[in-house]
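Here's a structure for you.
The values are calculated or read from the model by the stated rules, or taken from the named source; none is laboratory data. It should be emphasised that the depicted structure is a prediction, and the values quoted were computed from it without experimental measurement. When we count neighbours, we look across all protein chains shown, and the Cβ atoms used for this are built from the backbone with ideal geometry, even at glycine.
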């Protein structure tokens, strides 16, 4: 008859219990991280972005005289502060594209100076200079690529935004269809662009999509061949990854005063 070892069984049971506790604890920690990333950062960034939009609208309502739609400052001032480049960036991050006439000097780094509205998506968000994560995108803002055209200017007005977490303003830009409106408001003017083309997926290194005349370097059948006034929206794809980029292009359709 085989004798059982009660002490050994107790030790095994304690080991199993400790392992189970460790697994549960790890699961709770992971769950809390997911909740923080997907819920809390969204809540915080959306509130920050909403308040910034309201602040801009108040400033514009109180301002008078002069065309201050884009505050003047040296266009490359503070460029080193944008080293924290977001994974939404295409090409070389900080101003891979050179070209596109500007309507005014570039605003100060990380400064919110415009408001983008996309009715189909119910989106309203501030537009800030630069595409750094900490200074712009993680606040729920849409970032303007340095050295690309300003709103309404000849060339390509290029924007980046998070698709997941931190306000995720560009989460649903894949739902945009040809003919949808995108408006960009500044202190003095409202620029209306009309969605024209979409590139569902390209590589992060495809800097052609943000060129003054945008055309994919990797998929040349997507893009344009003639100068114009374009807007480009860029974000990561597939969702919850940063492996590829989703691109939406539009053309300037109208400009009016506020």
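Condition first: outside any loop (DSSP other than H, G, I, E, B) and either surrounded by fewer than 20 Cβ atoms within 10 Å (Cβ to Cβ) or at positive phi (or both). Now tell me which residues in region 166-184 satisfy that.
We begin by selecting, within region 166-184, every residue outside any loop (DSSP other than H, G, I, E, B); these are 173-175, 181-184.
If the condition is that a residue be outside any loop (DSSP other than H, G, I, E, B) and either surrounded by fewer than 20 Cβ atoms within 10 Å (Cβ to Cβ) or at positive phi (or both), then 174, 175, 181, 183 are the ones that fit.
Residue-by-condition table, conditions (1) over 16 Å from the mean Cα position of the chain (by Cα); (2) closer than 18 Å to residue 119 by Cβ; (3) assigned to a loop (DSSP other than H, G, I, E, B):
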residue	(1), (2), (3)
164	no, no, yes
199	yes, no, no
233	no, yes, no
247	no, no, no
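Would you check which residues across region 129-168 are under 17 Å from residue 200 (Cα atoms) and in contact with a strand residue (DSSP E or B) (Cβ under 6 Å, 6 or more places away or on another chain) and list them?
Let us first name the residues in region 129-168 that are under 17 Å from residue 200 (Cα atoms), namely 158-164.
Within region 129-168, 158, 159, 160, 161, 163 qualify.
Among the candidates 205, 215, 245, which residue alone is surrounded by fewer than 18 Cβ atoms within 10 Å (Cβ to Cβ), within 15 Å of residue 160 (Cα to Cα) and at pLDDT 95 or above? Walk me through how you get there before you give the answer.
Numbers: 215 fails: within 15 Å of residue 160 (Cα to Cα); 245 fails: surrounded by fewer than 18 Cβ atoms within 10 Å (Cβ to Cβ).
Of 205, 215, 245, the one residue that is surrounded by fewer than 18 Cβ atoms within 10 Å (Cβ to Cβ), within 15 Å of residue 160 (Cα to Cα) and at pLDDT 95 or above is 205.
When the residues of region 116-162 are narrowed to those that are in contact with a helix residue (DSSP H, G or I) (Cβ under 8 Å, 6 or more places away or on another chain) and assigned to a helix (DSSP H, G or I), which ends up farthest from residue 191 (Cα to Cα)?
Applying the filter and picking the extreme gives 138.
Of everything in region 100-120 that's closer than 18 Å to residue 253 by Cβ and out of contact with any strand residue (DSSP E or B) (no Cβ under 7 Å at 6 or more places or on another chain), which residue is modelled with the lowest pLDDT?
Selected residue: 103.
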